[in-house]
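The values are calculated or read from the model by the stated rules, or taken from the named source; none is laboratory data. Only a predicted model underlies this, so the values are computations on that prediction, with no experimental measurement involved. Note that each Cβ is placed from the backbone with ideal geometry, even for glycine, and that neighbours are counted across all protein chains shown. The area values use the complete protein model at the heavy-atom level, side chains included, leaving out ligands, DNA and RNA. Shrake-Rupley method; radii C 1.70, N 1.55, O 1.52, S 1.80 Å.
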Amino acid sequence: RRSGQYTMNHDHSKKTPDGASFDRSGSQDSLDELSMDDYWKELENIHETRGNNHEERVALVVKEPDEGELEEEWLKEAGLSNLFGESSGDSLESVVFLSTLTRTQKAAVEKRVETVTQTMRKKNKHHQIPDVRDIFKPQNDSKGKVCDGSEPSTVRTSENKNETQDGTEGPKFSLGTDEQKSPLEDMPFSDTDINLEISFAEQAANLKDSSVGKMCKGGGGDTLLPNFRLPKDKTGTTKIGDLAPQDMKKVYSLALIELTALYDVLGTEFKQQKAVKSKTKDSGLFGVPLPVLLEQDQKKVPGTKIPLIFQKLIVQIEEATLETEGLLRIPGVATRVKSLCQELEAKFYDGTFNWENVKQHDAASLLKLFIRELPQPLLTVEYLKAFQDVQNLPTKKQQLQALNLLVLLLPEANRDTLKVLLEFLQRVIDHRDKNKMTLKNVAMVMAPNLFTFHGFGSKTIEQNEFVMAAGTANVMRFMIQYQKLLWTIPKFIVNQVRKQNTERQKKEKKDKAMKKLLKKMAYDREKHEKQEKTPND
């Protein structure tokens, strides 16, 4: 059945006119049927490997959330669970956090709070249900008026003095800096410059509102990706790993809100998936959850952040030279790969495994098998679909911005492993003159290993395989090509974190002073009462 499906899809790919059936986005530059060959062959190899593997894998169950559940989960993930439910009210952190959000970020939060509120009312939950207008009440306007309408309402804070009521002028918003400049007026950025100073969603909203919005949707041949770059910044760029863990938590919340706001502005649905917990292996190499594997590895090599088997397989491939023609594309012998897999499970940790017997193509197959066998995808259950949906965004720049935010949302272990993988793939591409593996070829071969996940979204894969193949291969290409940009924390998010820290310190100082004052007042009152009781006074 599998090979029949492969043939059917393969024939379909030949009949499909150049890019016609799946050209929903500018990033899908006419991938001709020849270039898709590598994808279908890789998919066939994967199905064959699975066919040989008699132990049936437990398919991952992905839960479809009920109405309101998705938004409730989203608010929890964004660190805003105290805007609803029993814990609502304890919101010093939330007040500080919300005060640093941009206009589009506030609209995204507001939209989700509104849905949760309505759902709770329907279910008659005995929760304290906040009014959205109270949450986003401007500091100097106790009535907190919010515009009504089908569009997510724009929240006007006391900072936005220069806006006209009908919104004809570009919105001014605070990014934790003192200057109030209109993002559009002050954009000395070219089409290939990635502006990290202004919220991506705000940039998208401004493009949408202006004639610039009709800018080209990519274009250029399939092999030509824009030469995106970060403009020089006197203060330098902030990379993942530069910030303290408590600040990275804030980055995570802001990245989630920003990504959602960007998708809202562009009219693309952003849905986090949720895996139903299932039994997984708690030891071994293949099919073990990343955190479990790393915990196991850290006992051997303290501080290691990448699974040892993953590192060793890459070293093994590189030692045999990256100039081998068809590297990653030509599969190892399936039966040999299977027995190597079993032998590694038994001998890897005690150091008795003989690496000299491992042929290069077998090592490459084992590396891909390791990625596929993870109980949850490397790009995570929560965000795998969001990574796929990047292809639906209108411009290449917006696709890159979304990928940047998605990388920030990955758990540390997944992000570190993905980084090592992408760096390795780039080194393979650097030898393309000899190994004949171009960026396009490598993306085609690797996409099925990262995106077609056992038991995950299999309906979509089978119904719409051609569209998905082209789309995921393009996302894979983007991740390899722009990997250096993807590990950057946008400056506007760093500014928001900084502003949150400053505001929190100010509030804590104020609270401390207030407590001291109240204590003193109580002490004075007590003293006064004692004196009144003394008759001699």
For the range 283-316, give me the residue count where each residue is open to solvent by 60 Å² or more (accessible area, probe 1.4 Å), within 25 Å of the chain's Cα centre (by Cα) and not basic (Lys, Arg). 4
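Quick check, is Ala363 assigned to a helix (DSSP H, G or I), open to solvent by less than 10 Å² (accessible area, probe 1.4 Å) and at negative phi? Spell out how you get there, then give the answer.
On the way: assigned to a helix (DSSP H, G or I): yes; open to solvent by less than 10 Å² (accessible area, probe 1.4 Å): yes; at negative phi: yes.
Yes: the conditions hold for Ala363.
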From the list Thr352, Thr324, exactly one residue is surrounded by 16 or more Cβ atoms within 10 Å (Cβ to Cβ) and more than 33 Å from the chain's Cα centre (by Cα). Which is it? Thr324
Please identify the pairs in which a residue from the range 432-452 that is free of Cβ contacts under 8 Å to residues at least 60 places away in the same chain has its Cβ atom under 6 Å from the Cβ atom of a residue that is in a helix (DSSP H, G or I) and among the small types (Gly, Ala, Ser), counting only partners at least 6 apart or on another chain. Ala443/Ala473
Give the residues of the range 430-478 that are in a helix (DSSP H, G or I), over 19 Å from Gln399 (Cβ atoms) and modelled with pLDDT of 90 or more, sorted by residue number. Asp430, Arg432, Asp433, Lys434, Asn435, Asn441, Val445, Pro448, Asn449
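Condition test on Pro394, is it under 23 Å from Leu308 (Cα atoms) and either outside any helix (DSSP H, G or I) or free of Cβ contacts under 8 Å to residues at least 60 places away in the same chain (or both)? Outline the logic, then answer.
Values: under 23 Å from Leu308 (Cα atoms): no; either outside any helix (DSSP H, G or I) or free of Cβ contacts under 8 Å to residues at least 60 places away in the same chain (or both): yes.
No, not satisfied.
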List the pairs whose first member sits in the range 235-249 and is at pLDDT 90 or above, whose second member is of a type in the set (Gly, Ala, Ser), and whose Cβ atoms are under 8 Å apart, counting only residues at least 6 apart or on separate chains? Lys249/Gly79
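Do we find that Gln342 is more than 32 Å from the chain's Cα centre (by Cα) and free of Cβ contacts under 8 Å to residues at least 40 places away in the same chain in this structure? I'd like the intermediate steps shown before the answer.
Details: more than 32 Å from the chain's Cα centre (by Cα): yes; free of Cβ contacts under 8 Å to residues at least 40 places away in the same chain: yes.
Judged against the criteria, Gln342 is a match.
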List every residue pair whose Cβ atoms sit under 7 Å apart, with the two residues 6 or more apart in sequence or on different chains, where the first one lies in the range 358-377 and is under 12 Å from Asn449 (Cα atoms) and hydroxyl-bearing (Ser, Thr, Tyr) and the second, anywhere, is at pLDDT 90 or above and outside any helix (DSSP H, G or I). Ser365/Pro331; Ser365/Gly332
Would you please list the contacts, defined by Cβ atoms under 9 Å and residues six or more apart or on different chains, that run from a residue in the range 401-416 that is within 10 Å of Phe387 (Cβ to Cβ) and without any contact (Cβ under 8 Å) to a residue 40 or more places away in the chain to a residue that is aromatic (Phe, Trp, Tyr) and assigned to a helix (DSSP H, G or I)? Leu410/Tyr383
Residues that are basic (Lys, Arg) and either modelled with pLDDT of 80 or more or crowded, with 17+ Cβ neighbours inside 10 Å (or both), drawn from the range 196-234: Arg229
Could you grab me the full set of residues in the range 252-282 that are crowded, with 19+ Cβ neighbours inside 10 Å, among the hydrophobic types (A, V, I, L, M, F, W, C) and at pLDDT below 90? Phe270
Residue in the range 401-408 that is within 16 Å of the chain's Cα centre (by Cα) and not aliphatic (A, V, I, L, M) present: yes
Here are some residues: Glu382, Glu319. Which one is touching a strand residue (DSSP E or B) at 6+ places or on another chain (Cβ under 9 Å) and open to solvent by 20 Å² or more (accessible area, probe 1.4 Å)? Glu382
